[in-house]
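The values are calculated or read from the model by the stated rules, or taken from the named source; none is laboratory data. These numbers come from a predicted model, not from an experiment. Cβ placement follows ideal geometry from the backbone for every residue including glycine, while neighbour counts extend to all protein chains displayed.
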Amino acid sequence: MKSKVNVLFFDDAKEDYQKLKQNLNNNFHLTLFNSINSKVDLLKDNYVVGKQIPKKRIPKKYVQKYGVTNLWKINLSDYWRIIYTLRQKQRSSEVEILEIFLDVLDIIDHKRYNKIFGYKKN
C-alpha cells in the first residue's frame with residue numbers, strides 16, 4: 001500500500017506562513033520559515049515523526065474549531081512549534097492508495113504553546 005501525504009495550512013497557520021514568506025529579510029523570519037519548510041518536508045516522508053499529544057491534553061479550541069480527534073506537534077527553531085492533525089482517505093484504484101492529509105493548524109511560539117495547552121511558567 002502506498003501513502004500520499006498532502007500538507008494543508010489552515011487559518012492562522014496559513015496567514016502566519018504567508019507573513020513570514022513576505023518578510024524574509026529579517027534573520028529570525030528567514031530561520032523560522034526555513035525551519036517550517038524543513039519540518040514539512042520531513043513530515044511528508046514520515047507524518048508521525050512529531051510527538052502525539054495525548055487525547056486528554058487536546059485543547060478544546062482545536063476540537064471545537066476543527067473537530068480533531070488527534071493532535072501532533074513538531075518542534076521548530078527558537079522554541080516554535082507546528083501543531084497539526086492527521087486525516088486519511090482511502091481511495092480505490094488499481095493500486096490501493098492511502099491518502100493522508102496533514103493539516104497544519106498553528107505555528108506558535110513557546111509562550112502561546114504553554115498558554116493554549118495550559119502549561120504554567122515556573
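Listed here are the residues, each with its yes/no results for (1) of a type in the set (S, T, N, Q); (2) at pLDDT below 95.
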| residue | (1), (2) |
| --- | --- |
| Asp11 | no, yes |
| Asn27 | yes, yes |
| Asn34 | yes, no |
| Val48 | no, yes |
| Lys73 | no, no |
| Leu76 | no, no |
| Ser92 | yes, yes |
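Among residues of region 32-47 that are more than 15 Å from Gln22 (Cα to Cα), those with a Cβ under 7 angstrom from a residue that is in a helix (DSSP H, G or I), sequence gap 6+ or separate chain, pair up as Ser35/Ser77.
Of the candidates Ile83, Ile116, the single residue that is at pLDDT 95 or above and hydrophobic (A, V, I, L, M, F, W, C) is Ile83. Figure legend. Inter-residue proximity from region 1-30: first residues of a type in the set (Val, Ile, Thr), second residues part of a loop (DSSP other than H, G, I, E, B), beta-carbon distance below 6 Å, spacing 6+ or different chains. Indicated pairs: Val5/Tyr47.
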